[in-house]
Amino acid sequence: MENQERIKMFSTPNCPYCVMLKQYLSDKKISYENIDVSEDQNAANQMFEKSHNMGVPQLWIKDQVVVGFDVEQINEMLEIK
């Protein structure tokens, strides 16, 4: 995906779906900013304000939020075939 927009991932170190999503994005060569909400309470509050959900992982792509490791939705939003 060329000219990709900034992608934020909100995660915690002990979340298995966070680990799987990180590996998936790495395999697809998609860069993202990882934010550990277990260490950053302000980021956790920001995440909840936007998504109304405390679940991780969360991906913020453009103005859209994906909660969980939803491969179909992620692929669609990032135009991954």
*Hey, Tyr32 hits all of (1) open to solvent by less than 40 Å² (accessible area, probe 1.4 Å); (2) modelled with pLDDT of 95 or more; (3) in contact with a helix residue (DSSP H, G or I) (Cβ under 7 Å, 6 or more places away or on another chain) but one; which does it fall short on?*
(1)
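Which of the residues spanning the range 19-48 are of a type in the set (A, V, I, L, M) and touching a residue at least 12 places away in the same chain (Cβ under 8 Å)?
Initially, the range 19-48 is screened for residues of a type in the set (A, V, I, L, M), giving 19-21, 25, 30, 35, 37, 43-44, 47.
Residues satisfying the conditions are Met20, Leu21, Leu25, Ile30, Ile35, Val37, Ala43, Ala44, Met47.
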*Somewhere in the range 37-47, is a residue open to solvent by less than 50 Å² (accessible area, probe 1.4 Å) and touching a helix residue (DSSP H, G or I) at 6+ places or on another chain (Cβ under 8 Å)?*
yes
*Tell me, which residue of the range 53-65 that is open to solvent by 30 Å² or more (accessible area, probe 1.4 Å) and within 10 Å of the chain's Cα centre (by Cα) is nearest to Thr12 (Cα to Cα)?*
Val56
*Hey, does the range 3-19 have a residue that's among the charged types (D, E, K, R) and exposed (fewer than 14 other Cβ atoms within 10 Å of the Cβ)?*
yes
_Selection within the range 66-81 - more than 18 Å from Cys15 (Cα to Cα) and open to solvent by 40 Å² or more (accessible area, probe 1.4 Å)_ = Glu72, Gln73, Glu76, Glu79, Lys81
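The values are calculated or read from the model by the stated rules, or taken from the named source; none is laboratory data. Note that the coordinates shown come from a computational prediction; the quantities given were computed from them, not determined experimentally. Every residue, glycine among them, receives a Cβ derived from its backbone with ideal geometry; neighbour counts consider all protein chains shown. Side chains are part of the model used for accessible areas, which takes the heavy atoms of the whole protein and leaves out ligands, DNA and RNA. Shrake-Rupley method; radii C 1.70, N 1.55, O 1.52, S 1.80 Å.
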